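See below for the structure under consideration.
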Amino acid sequence: QVQLVESGGGLVQPGGSLRLSCAASARTFSSYAMGWFRQAPGKEREFVAVISWSGGRSSYADSVKGRFTISRDNAKNTVYLQMNSLKPEDTAVYFCAADVVYTERPRRYDYWGQGTQVTVSS
């Protein structure tokens, strides 16, 4: 069982930055690939980024590539999402998720956090 808790969301102006954190309870955190997803009102949950268990491999949605960076610290059981050059269309609830398989497919993930709201607005 893996419990995930996101933090770091908030209100930011366009062009600003935020860093999201996701703390995991599992002693075997380093065994899991970790993904970030987001869901805007009236839209389906979409993939943002994923990182392998070792941190050696990562992938991004085209919409965030070059602006967002996913990273992890296995000693702290935490995964991060650094978000730069934020745009109003990045506004959504952001979720982290864990699975033993490295995948961009949200339905594949077994464990989810409760989400943190990110609002980009002037």
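Note on region 102-122: residues that are outside any loop (DSSP other than H, G, I, E, B) and closer than 21 Å to G56 by Cα amount to 2.
The residues of region 78-101 include none that are at pLDDT 95 or above, more than 14 Å from V118 (Cβ to Cβ) and in a loop (DSSP other than H, G, I, E, B).
The values are calculated or read from the model by the stated rules, or taken from the named source; none is laboratory data. Everything numeric here is computed off the predicted structure, so don't read it as measured data. Neighbour counts are summed over all protein chains in view; Cβ atoms, including those assigned to glycine, are modelled from backbone coordinates with ideal geometry.
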